[in-house]
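This report concerns only the one structure given below.
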Amino acid sequence: MPTDTAVRAEALVKTFGSTRALDGIDLEITTGTVLGLLGPNGAGKTTAVRILTTLLRPDSGRAWVAGHDVLAEPNLVRKSIGLSGQYAAVDENLTGFENLYMVGRLYGMNKPDARTRATELINRFRLTDAASRPAKTYSGGMRRRLDLAGALVAEPAVVLLDEPTTGLDPRGRLETWEVIGELVADGATVLLTTQYLEEADQLADTILVIDHGRVIATGTADQLKGEVGGERLEIVVSEQSEVDTTKRVLAEIGTGEVTVDQHGRRVQVVVEAGAKSLVEALRRLDVEGVTVLDVGLHRPTLDDVFLSLTGHATEEDS
Amino acid sequence: MTVLAQGLRDGRIVAWRNLLNVRRNTEWLMAAVVQPIMFVLLFAYVFGGALGGSDYREFLIAGIFVQTTAFNSAFTVIGLCSDLQKGIIDRFRSLPMSRLAVLLGRTTSDLVVSSMALVIMSLCGLVVGWRIRGSFLDAVFAYLLLLLFGFAMSWVGALVGLSSPSVEVAQSAGLMWLFPVTFISSAFVGAGTMPGPLRAIAEWNPFTAVIQSVRDLFGNDAPPGMAPPAGWPAEHAILYAVLSSLVILAVFMPLSVAKYRRVASK
């Protein structure tokens, strides 16, 4: 494994009963970058994380984390990773400080070192005021932060975060993003799984889209958006009667199918010439006497990418 | 660091965490402190009068000691199952810690809870008229035997806890199997009046041997008219009690650790 590769997996397969959770996944993460593993529920994201963190043995395939074989040297892998699972695994009856102190001790630190490190992380994750309160009094966002802090106690080379913002309210989500952003700025290698396209777009350098245990696309957020085609021109008109005219005009200007949201009187089409197409559309609609309420030109979102790759939306349970 | 040394070091840290949990969780504390008192008083005064009065109370205490120590294995069952459900076991398994530590920490913290329960029950027993009539050393040995047997039962509990699909199931499964094994013994009545097959089970039940050993060591005789258990296990009660505890440990420790290595979160 080259030294600039922090994580590598080859042809991972894992079957549970008749379900093929992983159907030959390959992945590679360059040291110091963030890989976003994006997919709907049941796509195999958690299974992949569990294999890379030595919690689960694959049926076939191999994987290395921080230079160590996951199957042959699990304890060396465990020394190099920090895991934050799907549900904040904090002990509710222990205080925030005690939770981190315990994790430090279990990573093999002596008492003074574990104490110093726990205090550092408590301050860094803005839990100072709550440090001596049992974790059961914490909000969802605070628990998540404490759990993330637990993954960082030993300053691991590779951090694995399984759906770090699932179940959080918008505020908790923003707080968590901020923390992950800081982590990345410090140079950690991160594997992050998410169902939220926005999250992968925000945090990941490279995105691996998986569905039914297979990788269906890979690249940067920009590359993936590029694959779906050009920008989308969107026109909102004021009268229902104007929708048909708008549809006709946009069909002539754009490429591909025109989509109409009748309820919002919103008409969309993919265009190749960007701003030029927009100006042309407005001019023609003006000639036709259509009152344009709102107009927009936007690059495809990852939602568009996912829909075009899989034929179903991310929220849909496969 | 050798495997065993690391297991003991990490196990101590997990035990510390478990004991903080017991101290801060009122329900657990109630179960650990109030339940033993309740058992002593209930059995002593509800059954006591009918079965031989103060003689029966003295006979009874050893049975309750063993029953409570064994029932404390339910803490192991519920504790492990709840850690599993909350993803805490996943975190532990992703750490470079001993594979033995979580189970050893759990069973030893429950040993501490059992010791506490034994102190409370002994005080309670003294109040209802029970006395240690044997030598000091015999009494110490009786308590050690009780703890060894409780420790062994906790390892059975560890396997039950790791195999339970949910905390609710663990709660009933953790206690249910204990009722027949405790009651088909000489804990509360002499085995002599039980029908043949049941009597054979009671005579060979390790519970009976532990209870008989403790009674012998404390010098507590059976009330008149209640025949003490017979047969080889009764004649070699202490040997049989120690041996069966060790056999339970030898079987359930490796089984539980193997289960822990593969266990998945719910």
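Give the Cα extents of the protein assembly as shown along the principal axes, in whole Å, largest first.
Sorted from largest, the Cα extents of the protein assembly as shown read 114, 54, 48 Å.
Taking only pairs that are 8 or more places apart or on different chains, how many Lys pairs in the protein assembly as shown have Cα atoms under 21 angstrom apart?
12
How much of the DSSP beta bridge set in the protein assembly as shown is antiparallel, as a percent to the nearest 5? It would help to have the intermediate numbers written out before the result.
Numbers: 38 of 56 bridges.
Rounded to the nearest five, the antiparallel share is 70 percent.
What per residue convex hull volume, in Å³, comes out for chain A when only alpha-carbon positions are used?
Details: hull volume 50.7 nm³, N = 318.
About 159 Å³ per residue, rounded to a whole number.
Give, in nm to one decimal, the length gained when the segment between residue A:295 and residue A:248 is fully stretched (0.36 nm per residue of separation minus the Cα-Cα distance).
My answer for the length gained is 15.3 nm.
Given the Cα-Cα distance of residue A:239 and residue A:16 and 0.36 nm per residue of separation, how much length would full extension add, in nm?
Taking 0.36 nm per residue and subtracting the Cα distance, the gain is 74.9 nm.
Per residue, how big is the convex hull of chain B when only Cα atoms are used? Give it in Å³.
131 Å³
Can you grab the distance from the C-alpha centre of the range B:78-113 to the C-alpha centre of the range B:205-219, Å, no decimals?
The range B:78-113 and the range B:205-219 have Cα centres separated by 31 Å.
Run the numbers for residue B:140 and residue B:250: contour at 0.36 nm per residue of separation, minus the present Cα-Cα distance, in nm.
37.2 nm
Above 15 Å lies some portion of the pair distances; for the range A:68-111, what is it as a whole percent of all C-alpha pairs? Could you put the intermediate results ahead of the total?
Numbers: 530 of 946 pairs.
Percent of Cα pairs beyond 15 Å in the range A:68-111: 56.
Checking understanding here: applying a Kyte-Doolittle mean of at least 0.0 and a length along the axis of at least 20 Å (C-alpha), which whole DSSP H helices in chain B pass?
For chain B, where a helix must reach 20 Å along its axis and average at least 0.0, the hits are B:26-42, B:53-71, B:101-127, B:136-163, B:237-262.
How much of the calculated P(r) for the range B:103-213 lies past 18 Å, in percent of all Cα pairs?
So the portion of pairs separated by more than 18 Å is 62 percent.
Sorted from largest down, give the three principal axis spans of the alpha carbons of the range B:1-153, whole angstrom values.
The Cα atoms of the range B:1-153 stretch 57, 33, 20 Å along their principal axes.
What do the square roots of 5 times the Cα gyration tensor eigenvalues come to for the range A:173-290, in whole Å, largest first, as semi-axes of the equivalent ellipsoid?
The answer is 38, 16, 14 Å, longest axis first.
Can you give the Kirkwood hydrodynamic radius of the range A:230-299 from its Cα pairs, in Å with one decimal? Present the calculation step by step, with values, prior to reporting the outcome.
On the way: mean 1/r = 0.0867 Å⁻¹.
With all distinct Cα pairs of the range A:230-299 included, I get 11.5 Å.
What percent antiparallel are the DSSP beta bridges of chain A, to the nearest 5?
Of those bridges, close to 70 percent are antiparallel.
Can you figure out the FRET efficiency of residue A:286 with residue A:220, using R₀ = 45 Å and their beta-carbon distance, to the nearest 0.05?
Approximately 0.70, to the nearest 0.05.
Helix A:96-106 versus the longest principal axis of chain A: what is the Cα-based angle in degrees, 0 to 90, to the nearest 10?
Roughly 60 degrees between the two axes.
Can you give me the angle between helix A:111-124 and the longest principal axis of chain A, using Cα atoms only, in degrees from 0 to 90, rounded to the nearest 10?
20 degrees
Compute the long axis of helix A:170-185 from its Cα atoms, compare it with the longest principal axis of the Cα atoms of chain A, and write down the angle in degrees, 0 to 90, nearest 10.
70 degrees
Each reported figure results from applying straightforward, stated rules to the coordinates on display, with no laboratory input. Only a predicted model underlies this, so the values are computations on that prediction, with no experimental measurement involved. Reconstructed Cβ throughout: ideal geometry from the backbone, glycine too, with neighbour counts over all protein chains shown.
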